[in-house]
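Read the structure below first, then the notes.
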Amino acid sequence: MKPWTSLRGRLLASATVCLVAFLGMMGFVLEEAFSSSARAAVEARLMQQIYGLLSVTEDSEMGLILPIELADPLMNQLGSGHYAVILDDQRREIWRSQSALDQNLSSAWFSEILKAGERGEARFGSFQSASDNLLFLAYRVQWESEALLEEFDFVVFEQDSLLAAEVVGFRARLWSWLVAIVLVLILLQFLVMRWGLKPIAIFTRDIDAIAQGRSQSLSGDYPNELKPLAQTLNRLVDQEQAQRERYRLTLADLAHSLKTPLSIIRNSLSVSKDESVTWAGAKEIDRQVEQMDQLVAYQLERAVIARSPLVKAKTQSQGLLSGLIEALQKVYVTKNVQLEINFEADECFADARDLQQMWGNLLDNAFKYCETRVRVALHRRGGQLILQVEDDGPGIAEAMRDQVLARGFRLDTQAQGQGIGLAVVIEIAARYDGTLTIDQAEDFGGASFELALAVI
């Protein structure tokens with residue numbers, strides 16, 4: 001993997017470039033500052049030497065007199081690199097230190113470097129001698145005494161190589177230290193970035209655990225910068241899991257919904273037995289196949305019910321309910337169910353397919369568990385449409401009424417079914433602010449179901 005393709009590599013590379021650039025500029029600034037400081041130190045040292053010469057200089061009618069040996073041993077030693085001369089007002093050399101006895105110091109140089117000098121002015125600079133590059137400091141004084149009244153130039157020299165060696169030594173030490181600092185800081189940057197980016201690695205590991213099914217959510221102790229992202233991803237995971245659960249439930253609901261039309265088709269075919277299917281039977285089979293197609297489309301639409309708005313349309317409730325009863329009579333033709341029907345309401349505003357699912361499941365439950373009698377009543381109460389279904393079956397004990405509403409729960413494990421019919425009723429009814437109440441039928445002694453929907 002290329003280093004710049006990772007966040008750590010990019011941060012480390014950019015930080016390293018900035019660090020090298022900063023320390024490089026700092027190195028040049030420090031080097032220049034040291035050079036300036038070293039030259040200033042040389043100038044101050046040369047000035048001290050001039051003051052030393054002035055302190056030991058005496059005058060006479062013949063001129064200035066200096067001791068043979070000076071207090072500064074460098075001025076007395078040949079090849080020391082430190083020299084001194086004194087010039088009169090005509091730029092003629094009248095004295096030089098013992099250390100300069102072997103130096104070829106031309107008077108032309110003196111005239112050039114001292115031509116602009118003023119009395120009491122110190123002039124610092126450099127020039128190239130025959131053998132070396134020299135730094136000099138010249139100081140012009142007017143000597144006033146009973147014996148003399150004349151201007152003199154006191155000039156001291158120092159080999160530039162001494163300063164250069166000092167600067168080179170400092171430069172070597174400076175850049176070696178800067179290189180070492182850069183390496184240490186790069187290492188520290190790597191360790192800091194590794195520590196700072198560790199939560200991202202943990203975050204990635206936790207996401208991978210979710211992808212592999214080992215975890216259900218991001219629950220780590222993440223930094224504040226990652227907590228909003230973790231919360232957003234958890235919501236996405238929850239939505240994805242809820243969507244997946246809806247798809248799973250839709251498949252179960254679809255299978256449950258297809259049960260009735262399949263039973264009708266099966267009964268229609270069994271009636272004909274070995275004879276050819278009658279025209280009426282063929283029409284019934286075709287109608288049920290169409291019904292199955294509509295059910296498949298409906299259940300697929302319900303798979304995204306959480307994100308789709310509820311659309312209510314005018315529905316003929318009595319006709320819809322009568323069709324459901326007619327279909328179930330064909331399914332349970334062998335039970336000879338005796339029906340009591342009381343319809344007091346007709347039009348309502350709801351999705352006909354939703355009503356078909358809810359009412360069909362309640363009626364199917366009554367037909368399945370009744371002995372011989374089922375009562376169906378449809379009426380209005382306040383702002384609600386009430387469907388009441390009663391049967392003379394075994395009924396549902398009060399302690400078990402909450403459990404039977406759970407998806408997959410069945411009281412009678414011997415009967416066919418998946419135990420999802422009542423759960424589907426609850427789920428769809430919630431969209432209409434509806435409620436499902438289970439009680440005991442007073443007249444029949446079996447179960448009584450009351451479904452109230454706000455569809456009027």
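The values are calculated or read from the model by the stated rules, or taken from the named source; none is laboratory data. Quick caveat: nothing in here was measured; it's all calculated off a predicted structure. Cβ atoms come from the backbone with ideal geometry, glycine included; neighbour counts cover every protein chain shown.
What the table below lists for this structure:
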| read-out | value |
| --- | --- |
| Members of the stretch 351-368 found to be closer than 10 Å to I428 by Cα and either in contact with an Asp or Glu (Cβ under 9 Å, 6 or more places away or on another chain) or among the basic types (K, R) (or both), listed by number | Q357 |
| Qualifying residue in the stretch 348-359 (condition: within 17 Å of K314 (Cα to Cα) and in a loop (DSSP other than H, G, I, E, B)) | yes |
| Residues being of a type in the set (F, W, Y) and within 18 Å of L422 (Cβ to Cβ) - total across the stretch 333-371 | 3 |
| Residue list for the stretch 427-440, restricted to those being buried (at least 16 other Cβ atoms within 10 Å of the Cβ) and modelled with pLDDT of 90 or more | G434, L436, I438 |
| Restricting the stretch 387-401 to residues that are in contact with a Leu (Cβ under 7 Å, 6 or more places away or on another chain) and assigned to a strand (DSSP E or B), the residue that is farthest from F343 (Cα to Cα) | V389 |
| Criterion: farther than 30 Å from I186 by Cα, in contact with a helix residue (DSSP H, G or I) (Cβ under 9 Å, 6 or more places away or on another chain) and aromatic (F, W, Y) - qualifying residue of Y51, Y83 | Y83 |
| Leading residue by the ranking (modelled with the highest pLDDT) among those in the stretch 127-137 that are part of a strand (DSSP E or B) and polar (S, T, N, Q) | N133 |
| Among (1) more than 27 Å from R39 (Cβ to Cβ); (2) modelled with pLDDT of 85 or more; (3) not basic (K, R), the one test that S60 misses | (2) |
| Of the criteria (1) closer than 30 Å to S37 by Cβ; (2) surrounded by fewer than 14 Cβ atoms within 10 Å (Cβ to Cβ), which one R171 fails | (2) |
| Test: residue in the stretch 65-78 that is in contact with a Leu (Cβ under 6 Å, 6 or more places away or on another chain), touching a residue at least 12 places away in the same chain (Cβ under 8 Å) and part of a helix (DSSP H, G or I) | no |
| Conditions (1) modelled with pLDDT of 85 or more; (2) loosely packed, with under 15 Cβ neighbours inside 10 Å: number failed by G79 | (1) |
| Filter result for the condition that a residue is modelled with pLDDT under 90, closer than 21 Å to L328 by Cβ and in the same structural domain as D364 (by TED's automatic domain parsing), over G417, G383 | G417 |
| Only listed residue being of a type in the set (K, R), modelled with pLDDT under 85, touching a strand residue (DSSP E or B) at 6+ places or on another chain (Cβ under 9 Å) and surrounded by 12 or more Cβ atoms within 10 Å (Cβ to Cβ), chosen from R140, R119, R91 | R91 |
| Cβ pairs under 8 Å, 6+ apart, first in the stretch 166-178 and touching a residue at least 12 places away in the same chain (Cβ under 8 Å), second exposed (fewer than 15 other Cβ atoms within 10 Å of the Cβ) and part of a helix (DSSP H, G or I) | L178/G24; L178/M26 |
| Scope the stretch 338-382; condition closer than 13 Å to L453 by Cβ and basic (K, R); matching residues | R380, R381 |
| Any hit, the stretch 383-395, residues being surrounded by 22 or more Cβ atoms within 10 Å (Cβ to Cβ), under 18 Å from A452 (Cα atoms) and within 55 Å of the chain's Cα centre (by Cα) | yes |
